[in-house]
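The values are calculated or read from the model by the stated rules, or taken from the named source; none is laboratory data. From a predicted model like this one, the values you see are computed outputs, not experimental measurements. For neighbour counting, all protein chains shown are included, and Cβ atoms are generated from backbone atoms with ideal geometry for every residue, glycine included. Please note that ligands, DNA and RNA were not included when accessible areas were found on the heavy atoms of the full protein model with its side chains. Shrake-Rupley method; radii C 1.70, N 1.55, O 1.52, S 1.80 Å.
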Amino acid sequence: MNKIAIIISSDQGVQIARTIRQELPEAELFATGKRESCTSVDSITAFVSEQFSRYDALIFVGALGICVRAIASSVQSKYTDPAVINVDSTGRHVISVLSGHIGGANQLTRRVANILGAEAVITTQSDNTGLWALDTLAREHRWHPETTVPMNAIITAFVNTRPTALLLDVKDEGTRYLERTAPEHVKIFYRFEDIDFQAVELLVAVTPYQHESPVQTLYYRPAVLHLGVGCRKNCDPTGVWESITRTLTAEKLSPHSLASVSTIDLKQDEPLVHDIARKAGIPLHVYTADDLKEIEVPNPSEKVTEVTSVPGVAEACALKSARNTRLLVEKQKQKLSDGNDFTFAVALDRTAERRGFIEIVGAGPGDPELISVKGKNFLEAADLILYAGSLVPVELTYYAKPNATVRSSASMTLEEQFSLMKEFYNKGLFIVRLHTGDPCIYGAIQEQMAFFDEYGMDYHITPGISSFLAAAAALQSQFTIPEKVQTIILTRGEGRTPMPEKEKLHLLARSQSTMCIFLSASIVDQVQDELLQHYPPTTPVAACYHLTWKDERIFRGQLQNLARIVKENNLTLTTMIVVGDAIDNRKGLSKLYSHKFKHLFRN
């Protein structure tokens, strides 16, 4: 929220208001009479009447009755009114008064309650029953809402748990959230044809397609369609956007689901493409002929090729923006007046298609609760979890949904892993490839991604907490020391896999920075010898075994004794070796919190 007014109606509320503003620095303080750091107003009711629509939120500090009387004459609609909350003069209760969902009062109520350590009082039924707030989902997930009946009727049916069908024939972050949090009275469908409308009273659909539903329906239109456009030089834009929307509607596609319009650079100054972008409220993308030359189009044109060196501008641009290989609407040639020919085509964003997908997830260092929230959500949604069994605790796979397939890759070759993932992928299913720590650090995902790229498979990486971060936490050490150590090196010793010559351990040791050494317990003698070439023998070291696992063990000592520490305690593969003066250091102060150090948030 950009503009917040905090209105104080009692002396006791001044300090509460100042505490709130300390955390919400964009807020302005208003009070009757003269109070330090507050703008004086003659009458709270008069101030609210004059300023009501100028603020995104009003926070009243004082009696609820004063708040209610002050806003009574200004209240108009939940779609336009600002958020209004009330904090009692003791700071014990924070009440959401007006515009709980759309205006954001419920969210602001929770935030202010957290600031004060107070109780948030929210009376909205969907919030208190754990149901979706249908009137704010569109804004949260950047969808465009459409309803066949008034929104209040939809919300009433939903919060009263009437049988509801949820149609998700495309996918994005929002649809994954709905799948994960669907209430018991909601049944999920991925094809409109599969819905039994005799058994439901309400349809909620996240879709770019214009389905004809026989029940009251809330459509959310995700921005997943990409429009490619070509035209004659100086084509008159009059009526073009309207003609395109009519065609989209005839093709059962919603114009509200357009994500972009694109064209070739030869046409980037044409008024037509800018008019479409402006009227549709979508960005314009411009491609060169080189960008488009490798794209195969279903309707090539020799004439277009002569002019642009691209066989089809509209189709190629749509496919390029959508990162897809097929069109929903092939090239449409239209002419609304003589000499004003234009073409357009539409493709669905490839990432939105209901097709196989692979999420490479970082499991964290071992503790199942140290996986990211997003990673956990993916595990709960996966049809196949393929986890690095030799490194990832099996407990992490317990997040799997019923009937999910869970397999360890410990005994598999790369080809066997890929074959299993492709089997599920080809069925349009969701795969999680679960790696230890962060998958981009010694995760061996490069060769897997090479397979995915070769076969045109969609995938994404979710980062995880690396074991070097778990080591810092377990050692209760900050791995950087002001003015002494400002570099952390992540590396390993040279075992069966050679190290690049310039990255030999003894060369990296020259910096005497904090060094975190992976995968090297079996060659600890060599590691110690190389490090001693530049680190003093008394440099602190720590050998950390199974960090955050139930059998975690950590041994501290000096570098000159590192090999003995590892061998005497039978430390093996999953051991992180940490070297450097940062271990257990408590000397040195950063300037960040010094009263002498001024910055943006502290004058």
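Quick look at the numbers
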quantity	calculated
Considering residues of region 394-414 that are open to solvent by less than 40 Å² (accessible area, probe 1.4 Å) and closer than 18 Å to LYS374 by Cβ only, the residue modelled with the lowest pLDDT	ALA404
Test: residue in region 340-352 that is modelled with pLDDT under 95 and farther than 29 Å from TYR209 by Cβ	yes
Residue within region 417-437 that is under 30 Å from TYR190 (Cβ atoms), in contact with a Pro (Cβ under 6 Å, 6 or more places away or on another chain) and touching a residue at least 60 places away in the same chain (Cβ under 8 Å) present	no
Of all residues making up region 397-412, the number that are assigned to a loop (DSSP other than H, G, I, E, B) and over 15 Å from ILE431 (Cα atoms)	3
Selected residue (criterion: least open to solvent (accessible area, probe 1.4 Å)) from residues of region 273-295 that are more than 22 Å from ALA259 (Cα to Cα) and of a type in the set (Asp, Glu)	ASP290
Residue within region 133-153 that is farther than 30 Å from LEU225 by Cβ and loosely packed, with under 15 Cβ neighbours inside 10 Å present	no
Qualifying position, being within 31 Å of the chain's Cα centre (by Cα), open to solvent by 40 Å² or more (accessible area, probe 1.4 Å), modelled with pLDDT of 90 or more and not aromatic (Phe, Trp, Tyr), among ILE66, ILE85, ILE59, ILE95	ILE95
Any hit, region 331-348, residues being within 30 Å of THR436 (Cβ to Cβ) and either of a type in the set (Val, Ile, Thr) or in contact (Cβ under 8 Å) with a residue 40 or more places away in the chain (or both)	no
Answer from ILE295, ILE282 - the residue that is part of a loop (DSSP other than H, G, I, E, B), out of contact with any Asp or Glu (no Cβ under 9 Å at 6 or more places or on another chain) and not polar (S, T, N, Q)	ILE282
Complete set of residues in region 194-252 that are closer than 19 Å to ALA182 by Cα and open to solvent by 70 Å² or more (accessible area, probe 1.4 Å)	ASP194, ASP196, GLU201
Failed condition for ASN570, given (1) open to solvent by 60 Å² or more (accessible area, probe 1.4 Å); (2) within 23 Å of GLY366 (Cα to Cα); (3) not in a loop (DSSP other than H, G, I, E, B)	(3)
Residues of region 309-338 classified as part of a helix (DSSP H, G or I) and open to solvent by 50 Å² or more (accessible area, probe 1.4 Å), total	1
Residue tally, condition surrounded by 22 or more Cβ atoms within 10 Å (Cβ to Cβ) and in contact (Cβ under 8 Å) with a residue 40 or more places away in the chain, over region 98-113	4
Elements of type helices (runs of 4 or more DSSP H) contained in region 51-161, each with 1 or more residues being of a type in the set (Ser, Thr, Tyr)	105-116, 125-129, 134-141, 151-159
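For (1) in contact (Cβ under 8 Å) with a residue 40 or more places away in the chain; (2) closer than 29 Å to ASP172 by Cβ; (3) crowded, with 18+ Cβ neighbours inside 10 Å, each residue gets a yes or a no:
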residue: PHE452; (1), (2), (3): yes, yes, yes
residue: MET457; (1), (2), (3): yes, yes, yes
residue: PHE468; (1), (2), (3): yes, no, yes
residue: ILE481; (1), (2), (3): yes, no, yes
residue: LEU508; (1), (2), (3): no, no, yes
